[in-house]
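Structure first, then comments.
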Amino acid sequence: MRAPLYELGAFGNTAALFVAVLIGVAFGWCLERAGMGSARKLAGQFYFTDLTVFKVMFSAIVTAMLGAFWLGRIGWLDLSRVYVPETFAVPQLVGGLVFGVGFVVGGLCPGTSCVAAATGRGDGMMLVAGMFSGAIASGLGFRTLEPLYSSTPLGTLTLPQALHLPYGVVVALVVLVALGGFRGAEWIESRVNARAS
Amino acid sequence: MTADDTRRVIVWLGIGAIVLATGAAIAGDPYLGKKGTIDVDVLARTVTQEDDHVTAVELAGWIRERRAHVRVIDVRSEKEFDEYHIPTAERIPLGSLTSARFAPTETIVLYSEGGAHAAQGWVFLRALGHQRVFFLRGGLNEWLEEVMSPTVGTRPSHADSVTSALSKYFGGTPQLGERAPATVARLRRRGC
């Protein structure tokens, strides 16, 4: 069987939605088990006392990247059929800034706010309400936002293309950076927590 | 699980990641799709010199004389192929053409119903580096018109006799009648 399963017609729209719900539930469950539903834990990221978010997210990136590379290499995954979102430099920088400010102010990001809301936390529910309100407001004001939204388009840009390096070399470099990052995160956590105690 | 066990698992996961990452660096491209390159000047010159296609009569001649290493490829659907196809043709749909194997010594002739799809296939194969590729300019329509039911003059010339013989070889039925002027016939054939 070849992937992407939906793209290659292994299942239809209804089955795809059902699978999406299952994957979403599994993702939420894993986030909750990793303690990502707690704003207090996530806020530790910004004080360098708990870098779990960094470690979990970078682990996910490395796992998915190695999986996608090797599944593609052995012929089980057609990477050319995997959708790569287009890059729009300025609007994505602005969006990232808004995201970062929201993360610091609210203590949760979009995914973890859903996890927090699902576990009955009030802050998570408020953040989810704010997120949907913001999405609706952006939709209603889209005509005003559109010039920014569609500015500085760079097309579908991937790291190998941007760095002019072979795909596998970029994979190896990202894994090395991640492992170095994990080691560095542990060192920072131990230093900061030792100083606090 | 103790803290030591957890640390041991993490170390082994890290070692696994390093092994897979090192392998990735030397494993090559993970994309399945074939990447071709097109020298547009060469392709444009080939098209201008009309070295990109064959006529139905030329192809019929190649098949009849059993020219070596010629592969006639029908890019139409299975249903259309089963209804009728040019003798000796094999079916390879356009989507599978780039993954088909062709020897460098083979001469590939592509055809479709009209000619557009075969011409697109010609670009694909040229982009993949195949040099001896042609398409049937007027497609199967030209084959049916020029080979299977060609119009020969009521007072047959030598050329008409050759055409009739070729048609009969493939089970065709030459039609007696007024042949279209050469210019009209050529323009009609190009209408794909």
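The values are calculated or read from the model by the stated rules, or taken from the named source; none is laboratory data. Everything quoted here is computed from the prediction, not taken from an experiment. So basically every Cβ, Gly included, is an ideal-geometry build from the backbone, and we count neighbours across all protein chains shown.
Name, by its number, the condition in (1) away from every other protein chain (no Cβ under 13 Å); (2) part of a loop (DSSP other than H, G, I, E, B); (3) of a type outside the set (Gly, Ala, Ser) that does not hold for B:Asp29. Failing condition for B:Asp29: (1).
Taking first residues from region A:154-171 that are closer than 19 Å to A:Gln92 by Cα and partners that are exposed (fewer than 15 other Cβ atoms within 10 Å of the Cβ), the Cβ contacts under 7 Å between residues at least 6 apart in sequence or on separate chains come to A:Leu154/A:Ala89; A:Gly155/A:Glu86; A:Thr156/A:Val84; A:Thr156/A:Glu86; A:Thr158/A:Val84.
Restricting the first member to region A:36-64 and to residues that are within 23 Å of A:Ala118 (Cβ to Cβ) and at pLDDT below 90, and the second to residues that are assigned to a loop (DSSP other than H, G, I, E, B) and of a type in the set (Ser, Thr, Tyr), the beta-carbon pairs closer than 8 Å and six or more apart or on different chains are A:Gly37/A:Thr119.
Screening region B:17-26 for residues that are touching a helix residue (DSSP H, G or I) at 6+ places or on another chain (Cβ under 9 Å) and farther than 12 Å from A:Ala178 by Cα and picking the one that is surrounded by the fewest Cβ atoms within 10 Å (Cβ to Cβ) gives B:Ile26. Taking each residue of region A:8-26 that is among the aromatic types (Phe, Trp, Tyr) and looking for partners that are at pLDDT 90 or above and part of a helix (DSSP H, G or I) with beta-carbon atoms closer than 9 Å, six or more apart or interchain, yields A:Phe11/A:Phe18; A:Phe11/A:Val19.
Quick grid of which residues meet (1) at pLDDT below 90; (2) assigned to a helix (DSSP H, G or I); (3) out of contact with any strand residue (DSSP E or B) (no Cβ under 9 Å at 6 or more places or on another chain); (4) of a type in the set (D, E, K, R):
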| position | (1), (2), (3), (4) |
| --- | --- |
| B:Ala118 | no, yes, no, no |
| B:Asn141 | no, yes, yes, no |
| B:Glu145 | no, yes, no, yes |
| B:Arg155 | yes, no, yes, yes |
| B:Ala159 | yes, yes, no, no |
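Meeting the requirement of 2 or more residues that are more than 14 Å from every other protein chain (Cβ to nearest Cβ), the helices (runs of 4 or more DSSP H) wholly within region A:67-166 are A:89-106, A:110-118, A:122-140, A:142-149. Taking the stated definitions as given, is B:Thr22 free of Cβ contacts under 8 Å to residues at least 40 places away in the same chain, hydroxyl-bearing (Ser, Thr, Tyr) and within 14 Å of A:Ala172 (Cβ to Cβ)? The answer is yes for B:Thr22. Would you call B:Glu50 within 19 Å of the chain's Cα centre (by Cα), in a helix (DSSP H, G or I) and free of Cβ contacts under 8 Å to residues at least 12 places away in the same chain? Considered against the rule, which asks whether it is within 19 Å of the chain's Cα centre (by Cα), in a helix (DSSP H, G or I) and free of Cβ contacts under 8 Å to residues at least 12 places away in the same chain, B:Glu50 comes out as no. Could you check region A:1-11 and list, in sequence order, the residues that are of a type outside the set (A, V, I, L, M, F, W, C) and over 26 Å from the mean Cα position of the chain (by Cα)? Matches in region A:1-11: A:Gly9 only. Consider region A:176-195 and keep the residues that are hydrophobic (A, V, I, L, M, F, W, C) and touching a Phe, Trp or Tyr at 6+ places or on another chain (Cβ under 9 Å). The one that is farthest from the other protein chains (Cβ to nearest Cβ) is A:Val192.
Only one entry of B:Trp12, B:Trp62 meets the criterion of being without any contact (Cβ under 8 Å) to a residue 12 or more places away in the chain, at negative phi, in a helix (DSSP H, G or I) and more than 10 Å from chain A (Cβ to nearest Cβ), and that entry is B:Trp12.
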